[in-house]
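Heads up: the structure comes next, in structure tokens.
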Amino acid sequence: MRHRTPTLPPAAANTTTEDAMGPLIEAHQLHKTFGEITAVDGISLTVQRGEVLGFLGPNGAGKSTTMKMITGFLEPDSGWATICGHNIHEAPKLAKSMLGYVPEGAPSYSEMTTRAFLGFIAEIRGFRGEEIKKRICDAAEKTGLEPVLDQTIETLSKGYKRRVGVAQAILHDPPVLVMDEPTDGLDPNQKHHVRELIKAMAADKAIIISTHILEEVEAVCSRAVVINRGAIVADGTAEDLLRRIRHHGAVSIRVPTDRSDAALRLLMDAKFVAGVETLGSANGHLHIRALPRGAGLDPADVAALLHAQHIPIDELYIERGRLDDVFRQITTSDDQKRKTKGEGAANA
Ligand code: ATP
């Protein structure tokens, strides 16, 4: 088992306000092992105000463990995390007052009604009297919990339980939100509702959400971090990630099968095409993909090339690729690299 010297955290800030200049969330070289399992292996990241960071990764990648360390629910073996400049372990009260955390699963206190539970959280957050009622109303309205305010949490559907988790996190309107799969278990309408809520809150907060739903990244996240086996393997916008796909920006066309040989030859010889693939034929047409060379491929150039030889084009579009493909490509090639390295080491 590996032993590490705990890294010294940055000096606790001596202000009780948010640090407007620095990142609202910062994690530095977080490590966590459970016995023989290395759950998190040196994760560093920063999230600025206005950013929604999507945390992606296959099952067991270390997303929840990282979030628990950032929010102070789990102590790292080494490394540190700050919320608005306050170290979560050195100044937990201050850091947590600026943080809302939606843990995975349902809230505890299942025998309480939604109203009583939110009231209890509001009290812990330091609100009193009328302010508690106001906070409950506001959070319930934002998360659509009004119909179930007087129902006990144990009797709520999975989607409503999840929304109670979101409501307790936003009750004090914190500048930082960390949400572990906030839309898990919600139906499509509820998912849309929670995503809209996250987008509406995003401008003046720093938000991390973990998700398995890649469309969610495009819908709400300004940036995505992919983690695999406890380490960051990609960091960028959804568009940055899509660019990693080989056929991102390729031009797809369908041409009549009896002209497809001529079309393939033309495309293969074109200086702006790096390669040509056939993707199958149907209804008398062949589906062809032309891969871009260099900066990109203009579909107008492809159309002009074929039209000059009187080859009709049935359909033409630019391929963006799918985040699912990027995700699979990144996480499986990373696994493959580690495997090869391991084999190399074993053979050495
Ligand atoms: P999922 O997408 O399935 O929720 P995740 O990316 O959130 O996965 P973690 O829950 O952080 O992954 O788990 C990372 C690794 O650490 C896994 O191998 C998991 O089994 C292990 N692990 C997490 N918590 C504990 C614990 N309390 N005791 C032992 N092992 C743990």
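Just so you know, all these numbers are worked out from the coordinates, no wet-lab data involved. Nothing here was measured: the structure is a model prediction, and the numbers come from that model. Positions of Cβ are generated from backbone atoms using ideal geometry, with glycine treated the same way; all protein chains shown enter the neighbour counts.
Of GLY280, GLY249, GLY50, the residue with the greatest mean-square motion in the GNM of the chain, using alpha carbon springs below 10 Å, is GLY280. Full extension of the segment from ASP258 to GLU130, taken as 0.36 nm per residue of separation minus the current Cα-Cα distance, would add 38.4 nm. Taking one quarter of the surface of the convex hull spanned by the alpha-carbon atoms of segment 36-124 gives a direction-averaged projected area of 7.6 nm². Note on segment 177-264: Kirkwood hydrodynamic radius from all Cα pairs is 15.8 Å, rounded to one decimal.
The alpha-carbon atoms of the chain define a convex hull whose volume equals 192 cubic angstrom per residue. In the chain, the calculated helix contribution to ellipticity at 222 nm averages -11000 deg cm²/dmol per residue, counting -39,500 (n - 2.57) for every DSSP H run with n ≥ 4.
For the chain, the relative contact order is 17 percent, taking Cα pairs closer than 8 Å that sit 6 or more residues apart in sequence and dividing their mean separation by the residue count.
Each peptide in 110-120, 223-233, 80-90, 311-321 was scored by the mean count of other Cβ atoms within 10 Å over its residues; highest first, the order is 80-90, 223-233, 110-120, 311-321. Taking only Cα atoms, what is the 0 to 90° angle, nearest 10, from helix 188-202's long axis to the longest principal axis of the chain? Value to nearest ten degrees: 70. For the peptides 184-192, 237-245, residues were scored by their other Cβ atoms within 10 Å and the scores averaged per peptide; the highest-first order is 237-245, 184-192. When +1 charges are put on Lys and Arg Cβ atoms and -1 charges on Asp and Glu Cβ atoms, the dipole computed for the chain relative to its Cα centre reaches about 500 debye.
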